[in-house]
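Undergrad: For reference, the structure I am asking about is given below.
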Amino acid sequence: MESHPFDKPRFLRLFAIAVYLFLFAPIFVVILFSFNSIKSLNTFDGFSLQWYEEFFNDPALRDSLLMSLEIAFLTMLAATVIGTALAIGLVRSRARWAPGANILMLVPLVVPEIVAGISALLIFSQVGIALSFWTIVVAHITFSISYVTIVVRARMASISQEVEDAAMDLGATRWQAVRLVLVPALWPAVLAAGLLVFAFSFDDFVLSFFTTGEDMQPLPVRIWSAIRFGLSPTINAIGTLMMVVSLTAIALAVLLPRLFGRRESGFKVLTAQEG
Amino acid sequence: MAEAIGIQNVTKRFGEHVAVNDVSLEIAEGEFFSLLGPSGCGKTTTLRMLAGFEVPTEGHILLEGQPVENVPPYKRDVNMVFQSYALFDHLDVSENVAFGLKRRKVDKAEVGRRVAEALELVNLSERAGARTNELSGGQRQRVALARALVNRPKVLLLDEPLGALDLKLRRQMQVELKQIQREVGITFVYVTHDQEEALSMSDRIAVMHEGRVMQCGAPEDVYERPSEEFVAGFIGISNLITGTVEDGGKVRIANGLRIDAPLPDGVTRGDTVNLSVRPEKIAVDDDVEAGMVSLDGTVEARVYLGVSTQITVSLGNGDRVVALEQATYRSSADDRWEPGSSVKLGWHPEHCLVLR
């Protein structure tokens with residue numbers, strides 16, 4: 001059979017493979033070399049766990065990892081509570097300023113992170129707050145609120161006002177209506193948004209860099225300081241570990257809503273698909 | 001019968017917009033009462049004020065004689081069936097129905113018993129454990145009904161509850177709703193824009209238009225004796241012929257004919273009025289009897305409707321009349337009225353209403 005050049009676009013398939021290689025080859029190299037048995041960043045000699053051992057035996061690095069996890073956890077808690085409340089308010093508000101406030105939510109997402117970092121630094125120093133663990137948390141919460149609000153807002157918009165009215169009609173106070181009806185309906189979106197924000201906070205460098213005090217550094221900042229004095233294969237081990245943490249958070253965001261038997265994946269919630 | 005609901009001079013404004021304008025109604029205990037009107041007439045706002053979701057700008061709302069306009073919805077002894085059903089999708093069918101009883105701290109055994117009872121009432125016992133998103137539209141509607149009725153409210157409010165169902169299911173649910181209402185004996189306040197629905201189910205109907213009640217009465221009253229042009233036009237098809245009042249109880253219409261009509265009080269010579277005759281009250285050709293008002297016209301269009309045939313007759317000078325001729329054992333093929341042919345029309349004077 002004669003084949004038309006566009007019947008089986010082989011070049012497109014090659015192109016797709018090339019794109020994927022381009023995307024994943026660096027990550028693959030990092031993972032591979034994290035298991036290297038020699039201290040080389042260009043020859044792979046054999047399998048070993050020595051760089052992981054080195055990482056866990058370095059108390060400073062270990063503390064940085066714990067610090068990053070704590071920051072991400074606190075950010076997740078605070079941002080989901082504030083962001084969800086904001087999403088409920090923005091969708092239900094009949095006020096004239098509500099549409100404007102809705103658009104304003106997008107601003108933190110498009111402001112260059114370096115600008116956000118510098119402004120956070122300026123505000124903290126002007127008000128006279130010493131940079132510490134807590135300044136990082138506050139900075140992370142501010143940008144995370146937008147993500148949560150946007151994800152939860154999409155879900156909220158699909159819930160009829162009548163559902164809350166029905167709860168109140170059946171004897172629930174306004175607060176009970178939110179707790180017993182609205183929150184369970186929003187829960188998959190809140191969970192997905194929270195885990196997403198956890199992943200973002202955990203590997204954030206720019207904001208953390210500007211708001212980190214002198215006493216201790218979160219992991220990404222710590223890595224940055226370390227490589228100024230030369231690259232060590234430990235970096236690969238740290239990179240791999242960070243990737244595992246982030247991917248776990250994202251995977252939970254996708255899978256957990258399913259486990260609750262809602263028959264909808266977190267993927268759909270995150271990408272705001274209906275159904 | 002005792003009064004279940006009193007609406008006293010209630011006005012509701014949203015900013016500049018007047019949604020409900022000085023409405024007063026009394027609804028008796030056990031009555032099936034409908035608020036009928038086109039969208040935007042204020043019927044849903046009125047219902048939401050009864051439920052407590054909106055507070056009247058002016059006036060009072062009484063439940064069993066007690067003013068409740070400032071009582072929040074969760075403290076009112078009324079329940080509502082919502083247009084969208086508003087089911088709680090994270091709960092199963094029986095949990096949905098139990099929601100209200102649990103809020104009121106009814107004890108567990110009693111909750112179980114009453115939920116089962118309510119589901120049986122709406123014929124849904126076998127779906128008690130189903131998730132709400134596994135149900136069909138009609139079943140969701142029944143859950144919403146059971147969820148409201150299980151609380152044994154003084155009044156059940158229904159906001160176009162059958163609007164989302166297809167025609168066949170809607171007819172079936174109309175019959176069932178009426179049956180359920182008789183069985184439980186609760187006062188129903190039913191909002192609809194479907195005149196047929198209102199006519200077939202209600203004890204009384206209030207026809208609303210632009211925030212006002214235009215007429216309130218039994219279905220027969222509202223249909224047979226509409227007091228306003230709007231009511232005549234909104235409920236069923238109505239023929240409106242403009243004319244001028246002359247001496248001797250006659251009305252002169254555009255083609256010069258003088259028609260006998262029962263003039264209401266206060267109408268005097270020279271007034272412009274509208275004559276309203278229902279299409280099914282108009283006799284055609286051989287059916288015209290002695291004692292009828294009779295006029296001649298030309299057939300403009302004929303629509304075959306199965307059990308009846310609808311013909312549009314021009315009276316000349318721009319007036320048109322629609323007549324509905326029932327197919328009976330006497331009529332042969334209903335192709336008697338070809339467009340363009342002359343036809344004789346007639347009606348009994350008492351079937352003609354004079355509207356100002």
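Undergrad: Please report, as a whole percent, how much of the solvent-accessible surface of the protein assembly as shown comes from carbon and sulfur atoms (probe radius 1.4 Å).
TA: 57 percent
Undergrad: Another one. Assuming 0.36 nm per residue, please report the length gained on full extension of the stretch residue B:326 to residue B:341 beyond their Cα-Cα distance.
TA: Separation in residues times 0.36 nm, less the Cα-Cα distance, equals 3.4 nm.
Undergrad: On to the next question. Can you give me the angle between helix A:59-92 and the longest principal axis of chain A, using Cα atoms only, in degrees from 0 to 90, rounded to the nearest 10?
TA: 30 degrees
Undergrad: So how many Lys-Lys pairs in chain B land under 23 Å Cα to Cα, not counting same-chain pairs under 8 apart?
TA: 17
Undergrad: Connecting C-alpha atoms closer than 10 Å in a GNM of chain A, tell me which of A:46, A:89, A:117 has the biggest fluctuation.
TA: Among A:46, A:89, A:117, the largest GNM mean-square fluctuation belongs to A:46.
Undergrad: How well do other chains shield peptide B:66-74, expressed as the mean number of their Cβ atoms within 10 Å of each residue Cβ? Can you show the working numbers first?
TA: Working: counts 0, 0, 0, 0, 0, 0, 3, 11, 10.
Mean number of neighbouring Cβ atoms from other chains: 3.
Undergrad: On each of the three principal axes of the Cα atoms of chain A, give max minus min coordinate, whole Å, ordered largest first.
TA: Result for chain A: principal-axis Cα extents of 76, 71, 33 Å.
Undergrad: Next question. Along the three principal axes, how long is region B:216-356 when you take its alpha carbons, biggest first, rounded to the nearest angstrom?
TA: The Cα atoms of region B:216-356 stretch 46, 36, 26 Å along the principal axes, largest first.
Undergrad: Right, something else. Using DSSP to call loops (not H, G, I, E or B), can you name the chymotrypsin sites (Phe, Trp or Tyr not before Pro) in region B:283-356 whose Cβ has at most 14 other Cβ atoms within 10 angstrom?
TA: Filter output for region B:283-356: B:329.
Undergrad: Follow-up. Let's see if you can work this out: charge +1 on each Lys and Arg Cβ, -1 on each Asp and Glu Cβ, no other charges. What is the dipole magnitude of the protein assembly as shown about its Cα centre, in debye to the nearest 20?
TA: My answer is approximately 1880 debye.
Undergrad: With N set to the number of residues, divide the alpha-carbon radius of gyration of region B:98-188 by 2.2 N^0.38 Å and report two decimals. Each step should come with its number before you reach the end.
TA: Working: Rg = 13.2 Å, N = 91, 2.2 N^0.38 = 12.2 Å.
Cα-based Rg divided by the globular estimate yields 1.08.
Undergrad: Determine the calculated [θ] at 222 nm for the protein assembly as shown from helices alone, applying -39500 (n - 2.57) to every DSSP H run no shorter than 4 residues and normalising by the residue count; nearest 500 deg cm²/dmol.
TA: -14000 deg cm²/dmol
Undergrad: Over the Cα atoms of the protein assembly as shown, Rg to Rh with Kirkwood Rh, two decimal places?
TA: Values: Rg = 36.2 Å, Rh = 31.0 Å.
Here Rg/Rh amounts to 1.17.
Undergrad: Can you give the longest run of chain B that contains no GluC sites (Glu not before Pro) sitting in a DSSP loop with at most 11 other Cβ atoms inside 10 Å? Show your work: numbers first, answer last.
TA: Working: sites that count: B:16, B:289.
In chain B, the maximal stretch lacking such sites is B:17-288.
Undergrad: May I ask you to derive the relative contact order of chain B, considering only C-alpha pairs under 8 Å and at least 6 residues apart, and to give it as an integer percent?
TA: Taking the mean separation of contacting Cα pairs over the length of chain B, I get 15 percent.
Undergrad: Starting from the alpha-carbon convex hull of chain B, give the projected area averaged over all orientations, in nm².
TA: 22.4 nm²
Undergrad: What FRET efficiency do you get for residue B:104 and residue A:111 if R0 is 56 Å and r is their Cβ-Cβ distance, rounded to the nearest 0.05? Write down the numbers at each step before the final one.
TA: Details: r = 50 Å, r/R0 = 0.89.
Calculated transfer efficiency: 0.65.
Undergrad: What residue among B:167, B:158, B:124 has the largest mean-square fluctuation in a Gaussian network model of chain B, using Cα springs under 10 Å?
TA: In the Gaussian network model the winner is B:167.
Undergrad: Moving to a separate point now. Looking at region A:52-116, which chymotrypsin sites (Phe, Trp or Tyr not before Pro) are in a loop (DSSP not H, G, I, E or B) and have at most 16 other Cβ atoms within 10 Å?
TA: Sparse-neighbourhood loop chymotrypsin sites (Phe, Trp or Tyr not before Pro): A:97.
Undergrad: Just tell me the longest site-free run in chain A, where the sites are GluC sites (Glu not before Pro) in a DSSP loop having at most 12 other beta-carbon atoms within 10 Å.
TA: It runs A:3-213.
Undergrad: When the expected Rg is taken as 2.2 N^0.38 Å, what fraction or multiple of it is the alpha-carbon Rg of region A:1-81?
TA: Expressed relative to 2.2 N^0.38 Å, the Cα Rg reads 1.87.
The values are calculated or read from the model by the stated rules, or taken from the named source; none is laboratory data. What you see is a predicted model, and the numbers here were worked out from it, not measured in a lab. All Cβ positions, glycine included, derive from the backbone under ideal geometry; neighbour counts span all protein chains shown. All accessible areas refer to the heavy atoms of the entire protein, side chains included, with ligands and DNA or RNA removed. Shrake-Rupley method; radii C 1.70, N 1.55, O 1.52, S 1.80 Å.
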